[in-house]
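**Student:** What follows is a structure written as structure tokens; I'll ask about it next.
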Amino acid sequence: MVTTTTATTDTTATFHERDHLYLGGRWEDADGRGGVSEVVEAATEQVMGRVPQAGSSDVDRAVAAARAAFPAWSQTPVGERAELLSAMGAGLATRTDEIATLVSREVGTPKNLSVLIHAGLPMLTLAHAAELVASYPFEAEAFPSLVVREPVGVVAAIIPWNYPVHQAVAKVAWALAAGSTVVLKPSEVAPLSAFVLAEIAEGAGLPAGVLNVVTGPGRVVGDALVAHTAVDMVSFTGSTNVGRRVGAVAARSVKRVALELGGKSANVILDDAPLDQAVPDGVAKCFLNAGQTCSALTRMLVPRAALAEVEALAAEAAATYVPGDPFAPETTLGPLASLAQRDRVRAAIRRAVDEGATLVTGGPSAPEGLSRGYFVRPTVFSGVTPEMAIARKEVFGPVLAILAYDSEDEAVDMANDSDYGLSGGVWSGDPERALAVARRLRTGQVEINGAMFNPRAPFGGYKQSGNGRELGAAGLEEFLETKAIQR
Ligand code: NAD
């Protein structure tokens with residue numbers, strides 16, 4: 001359970017000491033061989049918490065608990081499962097401020113955004129899962145067969161740090177809705193909200209073992225889960241490199257793998273688009289959560305004739321971002337989540353300069369007055385060409401690359417010229433034209449004219465952005481097996 005060594009009403013100063021894992025409905029000591037990991041606050045670089053590093057016997061215990069809980073949970077009537085998900089949503093609602101504060105400290109997201117994304121979005125997802133599963137057709141006729149959809153079994157859910165509650169719930173809610181049981185492993189960078197989620201599940205009355213939480217380094221705890229022969233499925237969100245390894249290790253036991261990986265998504269601004277709306281919106285879609293968003297629109301493709309105007313508008317939009325303390329009301333750009341992440345992003349900025357991209361605004365140095373915390377300047381490059389690293393590699397920071405094109409076909413080719421295919425955008429004065437271009441993009445999501453993210457719609461990638469889908473009916477079906485019964 002949580003122990004706060006600094007009891008104070010100011011939750012931004014709370015120290016989070018987590019010394020137990022959530023296994024089989026109980027808060028258990030870790031086996032002691034793994035040690036502990038420190039959690040570092042993004043804006044202050046101070047240690048803000050500690051979590052246990054699970055050992056291999058803890059992973060075994062977590063998987064055994066999920067296995068033991070599976071027969072009863074998979075047979076629990078759908079309506080009861082839906083009610084428990086709704087109860088978890090209600091539990092989450094009561095802890096909104098605490099969760100938002102926690103994740104703002106771990107990840108650096110400005111607090112007001114955290115309330116919406118790190119707490120509000122998972123609440124919506126739990127509600128959607130509860131609603132959808134209640135009416136989902138688990139059986140269909142394929143005469144003379146009966147086709148039944150059954151839960152896949154024990155799911156290892158492995159998540160990154162950038163949207164830790166959303167990513168946990170995008171797996172847990174839908175796996176549980178399907179009747180599967182889960183072992184959740186959060187990232188070592190932002191593990192604390194997973195404990196809160198377990199407390200919420202416990203408070204909602206989720207039966208023991210249906211959800212289990214283990215923490216620790218990916219290459220130890222994550223790897224052990226992926227390799228485990230009693231795990232039926234791995235649902236992984238993270239980097240493409242680790243995703244490749246997850247796929248390879250999981251293949252040894254031929255378990256199902258769903259991968260949500262990186263992106264380098266293109267925002268195609270067509271020649272009839274309203275630039276004064278398209279450009280600031282595109283900058284915002286790149287800088288969301290300080291650019292630590294897998295579906296960020298990091299490549300802005302613009303007609304060559306409009307390049308100068310786009311650069312000016314992008315510089316103007318970037319200048320409106322106020323880097324600083326995630327808890328200061330004026331802050332619109334928090335720090336990055338970790339030192340390693342900040343250094344990677346700064347290195348990517350230096351490399352873009354070295355490769356000849358034009359620095360429109362920003363750069364590799366710390367924003368003025370922010371020598372402490374993992375801050376990066378809001379940065380815009382223009383004159384980017386498709387072979388540059390800044391056009392090809394995921395940066396995961398507030399760094400936009402503007403590329404010029406000469407025809408609509410070239411814009412589509414440039415958008416699709418990527419190892420990734422997670423998201424994309426199209427802007428046009430003509431919605432039909434925008435839709436036609438959206439259909440040509442080889443990505444799992446496309447937004448037209450700045451449309452909002454829809455948590456009811458399936459989310460996932462083409463190409464090296466992964467395989468499988470989360471959210472909506474497709475997200476539920478990830479966690480289902482299909483059985484044909486001949487009669
Ligand atoms: P990461 O791949 O380093 O780690 C993700 C998770 O995998 C962590 O929990 C980590 O501990 C674990 N892990 C590490 N090595 C492992 C191994 N060998 N076996 C099993 N698990 C292992 O990613 P990150 O740095 O935490 O997150 C950033 C990345 O996540 C970015 O590339 C981003 O694009 C991607 N991401 C993708 C989506 C999506 O939905 N497509 C969403 C968010 C983030």
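**Student:** State which residue is surrounded by the most Cβ atoms within 10 Å (Cβ to Cβ) when the search covers only the range 463-481 and only residues that are more than 11 Å from the ligand (Cβ to nearest atom) and assigned to a strand (DSSP E or B).
**Tutor:** Here the residue is L480.
**Student:** If you don't mind, another one. Given the criteria open to solvent by less than 40 Å² (accessible area, probe 1.4 Å) and in contact (Cβ under 8 Å) with a residue 24 or more places away in the chain, does R149 qualify?
**Tutor:** No, not satisfied.
**Student:** Return the pair list, or none, for Cβ contacts closer than 6 Å from residues in the range 313-341 that are touching a residue at least 40 places away in the same chain (Cβ under 8 Å) and in the same structural domain as L370 (by TED's automatic domain parsing) to residues that are part of a loop (DSSP other than H, G, I, E, B) and acidic (D, E), at least 6 apart or on different chains.
**Tutor:** T331/D325
**Student:** Farther than 20 Å from G120 by Cα, in contact with a Lys or Arg (Cβ under 7 Å, 6 or more places away or on another chain) and among the hydroxyl-bearing types (S, T, Y): does that describe S180?
**Tutor:** It is false that S180 is farther than 20 Å from G120 by Cα, in contact with a Lys or Arg (Cβ under 7 Å, 6 or more places away or on another chain) and among the hydroxyl-bearing types (S, T, Y).
**Student:** Moving on. Counting just the residues of the range 262-303 that are of a type in the set (V, I, T) and within 13 Å of the ligand (Cβ to nearest atom), which one comes out surrounded by the fewest Cβ atoms within 10 Å (Cβ to Cβ)?
**Tutor:** T293
**Student:** Additional query: Regarding the range 342-350, can at least one residue be identified that is away from the ligand (no atom under 16 Å from the Cβ) and among the β-branched types (V, I, T)?
**Tutor:** yes
**Student:** Out of all the residues in the range 80-126, which are open to solvent by 50 Å² or more (accessible area, probe 1.4 Å) and touching a Gly at 6+ places or on another chain (Cβ under 6 Å)?
**Tutor:** M123 - this is the single residue of the range 80-126 that is open to solvent by 50 Å² or more (accessible area, probe 1.4 Å) and touching a Gly at 6+ places or on another chain (Cβ under 6 Å).
**Student:** Quick one: which of L184, L206 is away from the ligand (no atom under 12 Å from the Cβ) and modelled with pLDDT of 95 or more?
**Tutor:** Just a single option satisfies the conditions, and that option is L206.
**Student:** Which ones in the range 216-230 are assigned to a helix (DSSP H, G or I), surrounded by fewer than 24 Cβ atoms within 10 Å (Cβ to Cβ) and either among the acidic types (D, E) or within 8 Å of the ligand (Cβ to nearest atom) (or both)?
**Tutor:** Once the filter is applied, which keeps residues that are assigned to a helix (DSSP H, G or I), surrounded by fewer than 24 Cβ atoms within 10 Å (Cβ to Cβ) and either among the acidic types (D, E) or within 8 Å of the ligand (Cβ to nearest atom) (or both), the range 216-230 yields G218, R219, D223.
**Student:** Given the condition polar (S, T, N, Q), surrounded by fewer than 22 Cβ atoms within 10 Å (Cβ to Cβ), farther than 21 Å from W27 by Cα and under 27 Å from the mean Cα position of the chain (by Cα), answer yes or no: does some residue in the range 54-70 qualify?
**Tutor:** No.
**Student:** Counting just the residues of the range 233-242 that are surrounded by fewer than 23 Cβ atoms within 10 Å (Cβ to Cβ) and more than 6 Å from the ligand (Cβ to nearest atom), which one comes out farthest from the chain's Cα centre (by Cα)?
**Tutor:** Top of the filtered list is N241.
**Student:** Can we say R439 is within 25 Å of V279 (Cα to Cα) and either surrounded by fewer than 23 Cβ atoms within 10 Å (Cβ to Cβ) or not polar (S, T, N, Q) (or both)?
**Tutor:** Judged against the criteria, R439 is a match.
**Student:** Restricting to the range 248-261, what's the tally of residues that are more than 10 Å from the ligand (Cβ to nearest atom) and farther than 16 Å from E481 by Cβ?
**Tutor:** 2
**Student:** Can you tell me which residue in the range 202-215 is farthest from the chain's Cα centre (by Cα), limited to those that are buried (at least 24 other Cβ atoms within 10 Å of the Cβ), of a type outside the set (A, V, I, L, M, F, W, C) and not in a strand (DSSP E or B)?
**Tutor:** Step by step, filter the range 202-215, then rank; the result is G209.
**Student:** Can you say whether E470 is assigned by TED's automatic domain parsing to the domain that holds V302 and of a type in the set (D, E, K, R), as far as the supplied structure shows?
**Tutor:** No, not satisfied.
**Student:** Filter the range 110-163 for residues that are touching a strand residue (DSSP E or B) at 6+ places or on another chain (Cβ under 6 Å), of a type outside the set (A, V, I, L, M) and assigned to a strand (DSSP E or B); which is nearest to the ligand (Cβ to nearest atom)?
**Tutor:** R149
**Student:** Of all residues in the range 414-436 being out of contact with any Ser or Thr (no Cβ under 9 Å at 6 or more places or on another chain) and under 20 Å from E387 (Cα atoms), which is surrounded by the most Cβ atoms within 10 Å (Cβ to Cβ)?
**Tutor:** M414
**Student:** Quickly run through the range 298-312 and pick out the residues that are more than 19 Å from R377 (Cβ to Cβ) and without any contact (Cβ under 8 Å) to a residue 40 or more places away in the chain.
**Tutor:** Passing the criteria: A305, A306, A308, E309.
**Student:** Here is a further query. Does the range 380-388 include one or more residues that are within 16 Å of the ligand (Cβ to nearest atom) and more than 23 Å from A312 (Cα to Cα)?
**Tutor:** no
The values are calculated or read from the model by the stated rules, or taken from the named source; none is laboratory data. Computed from a predicted structure; not experimentally measured. Heads up, the Cβs are rebuilt from the backbone with ideal geometry, glycines too, and the neighbour counts pull from every protein chain shown. Note: areas computed on protein heavy atoms with side chains; ligands, DNA, RNA excluded. Shrake-Rupley method; radii C 1.70, N 1.55, O 1.52, S 1.80 Å.
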